[in-house]
Amino acid sequence: MSATGGQPDVLTRLTTGKVCFDSTVPLYLSELGQSAALAGAFRGRGMIPAAVYREIDGLSRYAFPAARTLLEPRPFARVVKLSGDELDEVLARQRRWNGDRVFDDPTEDRGEAECIQLCRRDPGSIALCAHDHKARSDPDTRGIYMLSAIHVCLLFALRGIAAVEAWRLYTDLVRRGMNEVKNFPPDRRGERLFAQVVENAKRKAAEVGAAG
């Protein structure tokens with residue numbers, strides 16, 4: 001299935017495409033006991049830059065203890081190192097966001113900046129699952145397909161979790177401080193829409209399977 005212009009649609013990206021993760025969605029999912037589900041849903045397709053690995057590792061030692069399950073016994077996604085030239089672009093991006101204070105705290109927004117750089121290797125095929133508004137509004141994300149927590153919950157529903165449970169997971173994420181997605185407010189209206197999206201996605205997947 002393809003979206004307008006021949007680009008893969010969200011269902012294709014969720015079920016078969018490569019996805020680069022910023023730290024926020026995995027961190028919150030780990031606190032809800034979903035590290036294994038995340039790793040399984042994106043096995044062989046998920047990736048994180050080295051800065052995101054370091055951020056998760058650091059936060060697992062105090063603010064997000066459950067995040068250790070994202071890294072052990074193995075990382076939930078493949079860890080990718082950037083080249084020297086790519087890291088120069090990452091620093092320039094951080095300076096654009098934060099000015100010269102990047103030299104005082106080079107870790108500020110580092111994960112988000114490296115995620116964008118990794119996706120820019122192949123923006124047509126690597127989607128970015130990011131929460132931070134700086135990453136989402138940066139001009140360098142032009143052409144990069146953006147995913148969020150609601151998309152991950154949708155994939156969970158497609159992989160065997162009941163739609164009502166996937167929706168409850170999303171509302172738990174919102175209650176813990178993640179921004180809700182505009183079209184999916186954590187109320188009955190949002191729940192009905194989510195259930196409809198899940199059913200439509202399952203029907204499309206079945207149609208593709210039958211055609212193949």
Checklist line | Two-decimal ratio, the range 149-212, of alpha-carbon radius of gyration to 2.2 N^0.38 Å | finding: 1.16
Notebook entry, point to check: Which of the lysines could be linked to K81 by a straight reach, that is with a Cα gap under 27 Å, when you skip same-chain ones fewer than 8 residues away?
Noted result: K18, K134
Item checked: Mean separation of Cα contacts under 8 Å (6+ apart) over length of the chain, as relative contact order % -> 21 percent
Notebook entry, point to check: In nm, to one decimal, how far is the modelled label at K204 from the one at A50, with both set 7 Å along Cα→Cβ?
Noted result: 3.8 nm
Checklist line | Degrees separating the helix 163-175 axis from the principal Cα axis of the chain, which is the longest one | finding: 30 degrees
Notebook entry, point to check: Between [x] 25, 23, 16; [y] 28, 20, 16; [z] 37, 19, 13, which matches semi-axes √(5λ) of the Cα gyration tensor in Å calculated for the structure shown?
Noted result: [y]
Margin query: Helix 110-119 against the longest principal axis of the chain: what's the angle in degrees, Cα atoms only, rounded to the nearest 10?
Written below: 60 degrees
Next item on the list: Once every Cα of the range 96-162 carries one equal point scatterer and solvent is ignored, give the base-10 log of I(q)/I(0) from the Debye formula at q = 0.16 Å⁻¹, two decimals.
Entry: -0.62
Next item on the list: Just rank T12, T69, T107, fewest to most, by other beta-carbon atoms within 10 angstrom.
Entry: T107, T12, T69
Next item on the list: Could you please rank F21, F42, placing first whichever residue has the fewest other Cβ atoms within 10 Å of its Cβ?
Entry: F42, F21
Notebook entry, point to check: Helix 149-158 versus the longest principal axis of the chain: what is the Cα-based angle in degrees, 0 to 90, to the nearest 10?
Noted result: 40 degrees
Next item on the list: List the trypsin sites (Lys or Arg not before Pro) within the range 91-167 that fall in a DSSP loop (any state other than H, G, I, E or B) and whose Cβ has at most 10 other Cβ atoms within 10 Å.
Entry: R142
Notebook entry, point to check: Taking the alpha-carbon centroid of each part, what is the distance from the range 117-136 to the range 28-68 in angstrom?
Noted result: 17 Å
Item checked: Within straight-line cross-link reach of K204, aspartates and glutamates at Cα separation under 15 Å, skipping those fewer than 8 residues along the same chain -> D9
Next item on the list: Could I get the Rg over Rh figure for the range 1-107? Both from C-alpha atoms, Rh via Kirkwood, rounded to two places.
Entry: 1.03
Item checked: Antiparallel bridge percentage (DSSP; both residues within the chain; nearest 5) -> 10 percent
Check: What distance in nm separates the simple spin-label points at D9 and R168, each placed 7 Å from Cα in the Cβ direction?
Finding: 3.0 nm
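None of the figures in this text is laboratory data; all of them are computed from the coordinates on show. None of these values were measured; they are calculated from a predicted model. All Cβ positions, even for glycine, are placed from backbone atoms using ideal geometry, and neighbour counts span all protein chains on display.
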